[in-house]
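Visitor: Below you'll find the structure I mean.
The values are calculated or read from the model by the stated rules, or taken from the named source; none is laboratory data. Quick caveat, the model's predicted, so the values are computed rather than measured. Neighbour counts are summed over all protein chains in view; Cβ atoms, including those assigned to glycine, are modelled from backbone coordinates with ideal geometry. With ligands, DNA and RNA removed, areas are computed over all heavy atoms of the protein, side chains included. Shrake-Rupley method; radii C 1.70, N 1.55, O 1.52, S 1.80 Å.
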Amino acid sequence: MALSALSAHAADLGAYAFGTAGASYSTIERGDNLPSSASVNSGKQTDAAWEMGAGYRFDRSLAVEVSYADFGKSDANFNFCGFLSCVNGNLSAATTAVRASLLTFLPINDKVELFGRLSLNRVQTKVSLGSDSQDFNRTRAGFGFGAHYALSKQLALRGEFEYLAGAMDLQYNGYSLVKTSGQSALKAGLSYQF
């Protein structure tokens, strides 16, 4: 049994591609320095998420990955009343990331292994209010854990929970419009070994 597990995992070394899809979760809150006449609804936001990338498996316990991820969009209703008029609209924050990750694996048997992830993410958040939009770029750390199930020598299922740390204070025209919490994601997909 130990010999078969060793040979199965030895075949996993080298380059691979992967894709996952699932749901992301964040919290959106009112900014710190909005005028008292402005309001932004707060709440928990869930949206679709997906990721595509490539990796390289060095040995049974270590791999690196680079990828592009879309964590979906958070929405809020915005209302601002000035001296003569009021502005109402939808405020949205769409989040994507270019990522580099280090993965460590723990083989359970010849088909199943657990893994942990540490990632560095260049996150772009596009804040839109009506027809106006503004981009914000941040570097954020992330971590996650998941499982990997071999369907064949080359094809495997993977599932993962991940968290991108760090709240973001999104400024727009000098005002702190909204603050977002860290981003969580639950994803599942496939990987293919070349």
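Visitor: Looking at (1) farther than 23 Å from residue 57 by Cα; (2) at pLDDT 90 or above, which is the only condition residue 175 fails?
Guide: Unmet condition: (2).
Visitor: So, in the stretch 132-144, exactly how many residues are within 14 Å of the chain's Cα centre (by Cα) and surrounded by 14 or more Cβ atoms within 10 Å (Cβ to Cβ)?
Guide: Total meeting the criteria: 5.
Visitor: Can you tell which of 74, 42 is open to solvent by 70 Å² or more (accessible area, probe 1.4 Å) and either at pLDDT below 85 or more than 17 Å from residue 118 (Cα to Cα) (or both)?
Guide: Sole residue among the options that is open to solvent by 70 Å² or more (accessible area, probe 1.4 Å) and either at pLDDT below 85 or more than 17 Å from residue 118 (Cα to Cα) (or both): 42.
Visitor: Got a number for residues in the stretch 78-95 being modelled with pLDDT under 65 and either touching a helix residue (DSSP H, G or I) at 6+ places or on another chain (Cβ under 9 Å) or open to solvent by less than 10 Å² (accessible area, probe 1.4 Å) (or both)?
Guide: 0
Visitor: Moving on to the next point. Please specify each residue of the stretch 105-119 satisfying the condition of being farther than 17 Å from residue 153 by Cβ and either modelled with pLDDT under 95 or among the hydrophobic types (A, V, I, L, M, F, W, C) (or both).
Guide: Across the stretch 105-119, the qualifying residues are 106, 108, 114, 115, 118.
Visitor: While we're looking at this one, here's another question. Given the structure, is residue 98 farther than 17 Å from residue 161 by Cβ and open to solvent by 70 Å² or more (accessible area, probe 1.4 Å)?
Guide: yes
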